[in-house]
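Everything below concerns the one structure shown next.
The values are calculated or read from the model by the stated rules, or taken from the named source; none is laboratory data. What you see is a predicted model; the values in this text were computed from it and never measured. Neighbour counts are summed over all protein chains in view; Cβ atoms, including those assigned to glycine, are modelled from backbone coordinates with ideal geometry. Just the protein is used for accessible areas: all its heavy atoms, side chains included, with ligands, DNA and RNA removed. Shrake-Rupley method; radii C 1.70, N 1.55, O 1.52, S 1.80 Å.
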Amino acid sequence: MVQDVYLPHVSRIRRITQETDSSDVKTFEVIFLNEDAWQGFKYAPGQFAEVSIFGVGEAPISITSSPTQEGYLEFSVKRMGAVTTALHHLEEGAVIGVRGPYGNTFPIEDMKGRDIIFIGGGIGLAPLRSLINYMLSAKYRADFGKIDIIYGARSPGDLVFKWELEKWRQRDDVNLVVTVDRGDDAWTGRVGFVPAVLKEVAPAPGGAVAVTCGPPIMIKFVIQNLLELGFAPEQIVTTLEMRMKCGIGKCGRCNIGSKYVCKDGPVFTYAQLGEMPKEY
Ligand SMILES: Cc1cc2nc3c(=O)[nH]c(=O)nc-3n(C[C@H](O)[C@H](O)[C@H](O)COP(=O)(O)OP(=O)(O)OC[C@H]3O[C@@H](n4cnc5c(N)ncnc54)[C@H](O)[C@@H]3O)c2cc1C
Ligand code: FES
């Protein structure tokens, strides 16, 4: 029998974590109801899934967990419109749909043996987190060089994955720099926009790879600053959030020129983006 590609895996929300003070971002830990479905769901950092709320619709969401964490998936979701608002209204135990994994992955093989600089803004840390935890896992840590993480949000209350930032900070093989656009009375950390902090940290390009995700305006200035620091376009990797519908290269909703972001992306090097029409 032909499998319907639009049929989601029926899944249960096992845990919900409120990430931001305003609770506009929550992380959903999800398990498949069918164990066989889990065995067939092989994903790598950078991929996304279509998350559906029955009777409402579906939305593409990055898989923020690492495949090194077996048995469950995590999605960190910002409340935006119909689907994400409905998801935010659900409680632990609720049933949702998940189809995927879709899209390409971060170029992990090309990154081996190299220093990696992660530059994230706001909820843009979600896709990077999958790769960070993959690289930091006992199984793969030795495959990669130095790891720098520069992460920022508008305010301390807008930082996501706070407990995990602490875990990364305590490791001696990670250089974590956290910044906010505006501090508050309790904030004793760094204040400054992510692109400016990147310039101050000034990672050496050498053979390194920079991976960035965040609001489009942040990405624009981060890339500009990376180029000024001497990074080549091939050394800069980003992940795009185009509007999508099918997620599998069928509907044409996400195309840029001849590329479908859902299939050829969402991960691209800046060199690859330079060859595409300026629609992104
Ligand atoms: C590959 C991929 C990975 C993603 N990963 C995540 C993730 O990990 N976490 C997360 O919270 N979101 C993620 N998104 C974004 C999420 O899919 C959208 O915000 C989605 O539109 C939410 O669906 P909705 O029905 O709640 O909102 P909608 O009803 O679709 O839209 C809500 C509002 O956002 C605007 N909007 C929606 N999408 C876009 C867009 N791409 N560009 C500009 N404006 C837009 C709409 O015009 C509207 O104002 C990802 C998107 C892609 C393509
Ligand atoms: S979302 Fe349908 S072709 Fe990409």
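Structure summary
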quantity: Whole-Å semi-axes of segment 160-207's equivalent ellipsoid (Cα gyration tensor); calculated: 20, 17, 8
quantity: Segment 1-135 - convex hull of the alpha-carbon atoms, volume per residue in Å³; calculated: 118
quantity: Antiparallel bridges, percent of DSSP beta bridges restricted to the chain (to nearest 5); calculated: 60
quantity: All Cα pairs of segment 120-163, percent lying beyond 17 Å; calculated: 37
quantity: Normalised contact order of segment 117-254, rounded percent, pairs of Cα under 8 Å and 6 or more residues apart; calculated: 26
quantity: Per principal axis, descending, Cα span of segment 156-269 in whole Å; calculated: 49, 33, 26
quantity: For Glu35, solvent-accessible area (1.4 Å; no DNA, RNA or ligand), Å²; calculated: 110
quantity: Crossing angle, helix 216-228 versus the chain [Cα axis fit, 0-90 degrees, rounded to tens]; calculated: 40
quantity: Probe 1.4 Å, all protein chains present, accessible-area order of Asp264, Asp158, largest first; calculated: Asp264, Asp158
quantity: DSSP-defined antiparallel bridges as percent of all bridges, segment 144-280, nearest 5; calculated: 30
quantity: Mean Cα-pair separation over length for the chain, i.e. relative contact order, pairs under 8 Å, 6 or more apart, %; calculated: 18
quantity: Tail weight of P(r) past 32 Å, computed on alpha-carbon pairs of the chain, percent; calculated: 22
quantity: Accessible-area order (highest first, 1.4 angstrom probe) of the listed residues Asp148, Asp143, Asp172; calculated: Asp172, Asp143, Asp148
quantity: Shape of segment 132-198, Cα gyration tensor, a/c cut at 1.5; calculated: prolate
quantity: Residue-averaged 222 nm ellipticity for the chain, from DSSP H runs of 4+ at -39500 (n - 2.57), nearest 500; calculated: -6000 deg cm²/dmol
quantity: Per-selection Rg to Rh, segment 213-278 - Cα, Kirkwood hydrodynamic radius; calculated: 1.01
quantity: Dipole axis of the chain (+1 Lys, Arg; -1 Asp, Glu on Cβ), positive-most option in Ser137, Thr269, Phe28; calculated: Thr269
quantity: Ranked order, Val222, Val5 - accessible area, probe 1.4 Å, largest first; calculated: Val5, Val222
quantity: Cα-centre dipole for segment 1-60 with unit charges at Cβ (Lys and Arg positive, Asp and Glu negative), debye to 20; calculated: 160
quantity: Over 32 Å (Cα to Cα) - which of Lys199/Lys245; Lys167/Lys278; Lys26/Lys146; Lys42/Lys199; Lys146/Lys250; Lys139/Lys245 fall in this group; calculated: Lys199/Lys245; Lys167/Lys278; Lys42/Lys199; Lys146/Lys250; Lys139/Lys245
quantity: Cα centroid of segment 131-187 to Cα centroid of segment 57-95, whole Å; calculated: 21
quantity: Theoretical gain in end-to-end length, Ala202 to Glu275 [0.36 nm per residue, Cα-Cα removed]; calculated: 23.6 nm
quantity: Assigned charges on the beta-carbon of Lys, Arg, Asp, Glu; the chain dipole about Cα centre (debye); calculated: 340
